[in-house]
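Note sheet for the following structure.
Coordinate-derived values only; no laboratory data. Since the model is a prediction, treat every value here as computed from it, not as a measurement. In this analysis, Cβ positions are derived from the backbone assuming ideal geometry, glycine residues included, and neighbour counts consider all displayed protein chains.
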Amino acid sequence: MGCIQSKNADTKATRAARWRSTGIVALRDSKLKTFPDEILDLDRSVRTLDLTHNRIVDIPMEISKLINMQRLILAENVIERLPVNLGKLQSLKLMNLDGNQISSLPDELGQLVRLERLSISGNLLTSLPATIGSLRNLLILNVSNNKLQSLPESVGSCYSLEEIQANDNQIEELPASVCNLSHLKSLSLDNNNVNQIPPNLLKDCKALQNLSLHGNPISMDQFQQMDGFQEFEARRRKKFDKQIDANVMISSKGLDEGVDH
């Protein structure tokens, strides 16, 4: 019995030493029901934490000790809420919370000022905190498959945003501030209730190449009458032609397919 315990202790020690030296903690598909305490003991050593596809319900407040963590991947668990001191993880660049049971995000999310990618699809969100506008380095926001009825006006302050995925929600209209997103290349709003978009969207979002609105009540005629439509269409076709030239297989819904008419 003592030998077995000793072997387990050695294994744990070896694993912890590996985590500490690489900075990578990967425990995918490990049937975990609770957040492992041993990870918290690594504090400043952790750079990447991947706990995908477990049965974890709660994230402990002590996660704030992992202050050098840059990638936090907690997809496919049963997490219901995030700790309010999540905002202390100010080295975070990527956070993936896809496929959980999260119904709201704490206001402290806005403290993650280095965050570049936030993915929280397949949850139960009904709204996003206004503080999301503080994420000035955010490049990609994925909030698809939730219960969102709108995006906050403050999203227009995420000046670096290049891609918004908000498919399969209950969104009816976009905030006018989306027109501030001069770097936005792709906006996907398939299967919502959108019946109009800000009139200056195509004119002001001069980098926009993809606008997907499949499964919404908005009509093609409304697009063609918008300021900036011709320029948008030229950018979309140029991107499409580049993909064809590179022999890339594409299944992306362009404007013609992406609007019910």
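If you restrict to DSSP beta bridges whose two residues both lie in the range 1-102, what percentage is antiparallel, to the nearest 5?
Values: 0 of 9 bridges.
If we restrict to bridges inside the range 1-102, about 0 percent are antiparallel.
For a quick check: sort CYS205, CYS158 by the number of other beta carbons within 10 angstrom, fewest at the front.
Lowest to highest Cβ neighbour count: CYS205, CYS158.
Using only alpha carbon positions, build the gyration tensor of the chain, then give the equivalent ellipsoid semi-axes as the square roots of 5 times its eigenvalues, largest first, whole angstrom. Walk me through the numbers on the way to the answer.
On the way: eigenvalues 328, 69, 56 Å².
That gives 40, 19, 17 Å for the three semi-axes.
Just for the chain, what percent of DSSP beta bridges are antiparallel, to the closest 5?
Working: 0 of 26 bridges.
So the antiparallel bridges amount to about 0 percent of the total.
Could you tell me, in Å, what Rg and Dmax come out for the Cα atoms of the range 124-191?
Rg, Dmax (Cα atoms, Å): 10.8, 29.
What aspartates and glutamates could a cross-link reach from LYS88, if we take a straight Cα to Cα line under 13 Å and drop same-chain neighbours fewer than 8 places away?
Here the aspartates and glutamates satisfying the reach criterion relative to LYS88 are ASP43, GLU62, ASP107, GLU108.
Tell me the relative contact order for the range 22-258 as a rounded percent, counting alpha carbon contacts under 8 Å between residues six or more apart. Before the final figure, lay out each step's value.
Values: 609 pairs, mean separation 23.2, N = 237.
The value is 10 percent.
Expressed as an acute angle from 0 to 90° and rounded to the nearest 10, what is the orientation of the C-alpha long axis of helix 229-245 relative to the principal long axis of the chain?
Long axis of 229-245 versus the principal axis of the chain: about 60 degrees.
How far, in degrees from 0 to 90, does helix 2-22 lean away from the longest principal axis of the Cα atoms of the chain, to the nearest 10?
40 degrees
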